[in-house]
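Step one of this worksheet: look at the structure below.
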Amino acid sequence: MNYKSKRISELDYMRGFALLGIILTNIITLYKFPTANNLDQVKYLQFIDFFVEDKFFTIFSFLFGVGFYIFIRNLKQKDLNSNFVFLRRLAILAVFGLLHQLLQPGEALLLYAIFGLILIPCFYLNKYIT
């Protein structure tokens, strides 16, 4: 089978946008600004958390799922062992996640690796639901 891989640049743009948003909203945490001490500051931080930060994480998580589907589909078209390759990729992500936990507790890479395990059976669900 002659299959040529092509990246979907729009997904890369959206992924970059989401990552930029996550970085910008995490500046408060990274630089350890003083705790909000009045009601206006608390409401502002709640606004940022709900309307900004949570949205970027949602976009990035959705793109993780889309990327997973495209990755597995492409591996299957190339007649490769998609589950093994994806599990290897998740293991590498988990190692980076564990190392990143040492630098910044509460990061999401390890969580993405764990949830990636759940996605493998989900890839095959569409065969049984009709």
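For the reader, a short list of remarks on this structure follows.
- Comparing 13, 31, 112 in a Gaussian network model of the chain, where Cα atoms under 10 Å apart are tied by springs, the biggest mean-square fluctuation is seen for 31.
- Estimated distance in nm for a label pair at residue 50 and residue 8, the labels positioned 7 Å out from Cα along Cα-to-Cβ: 3.2
- Simple Cβ-charge dipole of the stretch 9-127, Lys/Arg +1 and Asp/Glu -1, about Cα centre, in debye nearest 20: 480
- The modelled label-to-label distance for the pair residue 114/residue 15, using points 7 Å beyond Cα in the direction of Cβ, is 2.3 nm.
- Taking every Cα-Cα distance in the chain and sorting them into 10 Å bins from zero, the calculated P(r) comes out as 10, 31, 32, 17, 7, 2, 0 percent.
- Kyte-Doolittle mean at least 1.0 and Cα axial length at least 20 Å: DSSP H helices in the chain: 82-103, 109-123
- Loop-resident sites, the stretch 49-94, for trypsin sites (Lys or Arg not before Pro), counting at most 16 other Cβ within 10 Å (DSSP): 78
- Selection among 69, 110, 100 by position relative to the dipole of the stretch 49-130 gives 69 as farthest towards the positive end (Cβ unit charges, Cα centre).
- Based on C-alpha pairs under 8 angstrom that are at least 6 apart in sequence, the stretch 8-130 has a relative contact order of 21 percent.
Every read-out reported here was derived from the displayed coordinates using simple, explicitly stated rules and does not represent laboratory data. Only a predicted model underlies this, so the values are computations on that prediction, with no experimental measurement involved. Cβ: placed from backbone, ideal geometry, glycine included. Neighbour counts: every protein chain shown.
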